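Notes follow the structure.
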Amino acid sequence: GRDFDEVRPSQQCLVTIARTAEEAGPMADRAQKIFGGHMGDPKGPIAITGTPDQCCEAIQKHVEMGCTMLVMEFFGKDTVEPAALFAEAVLPEFH
């Protein structure tokens, strides 16, 4: 079999991020309606949802569970906006 030490724990996930919790909440509700449980529950205990600080906290939970790579899909009318916010406010915390 495969050596466990060679396995790179990863997760594919949906990211709903906004500058404020008031903006992120409705986004997560809409994502839940559209995606259901596919790519995880956007309102669940390990969801990457909320403000940049909340997203950092959620990613840290994944790291603590042993996840070394996240494959992310950004949710929004225009996915460029949430991806840019993530790159600006979240990504630097993990470099």
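We did not get these values from a lab; they are worked out from the coordinates using the rules stated. All values reported here derive from a predicted model rather than from experimental measurement. Here the Cβ is made from the backbone with ideal geometry for all residues, glycine too, and neighbour counts use every protein chain on show.
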If a residue counts only when it is touching a residue at least 60 places away in the same chain (Cβ under 8 Å) and not polar (S, T, N, Q), which helices (runs of 4 or more DSSP H) contained entirely in the chain have at least 1 such residues? 80-89
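Please determine whether any residue of segment 48-71 is farther than 25 Å from H95 by Cβ and more than 13 Å from the chain's Cα centre (by Cα).
So in segment 48-71, the residues farther than 25 Å from H95 by Cβ come out as none.
So far as segment 48-71 goes, no, none of its residues is farther than 25 Å from H95 by Cβ and more than 13 Å from the chain's Cα centre (by Cα).
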Output the number of residues of segment 1-37 satisfying the condition of being touching a strand residue (DSSP E or B) at 6+ places or on another chain (Cβ under 8 Å) and surrounded by fewer than 15 Cβ atoms within 10 Å (Cβ to Cβ). 5
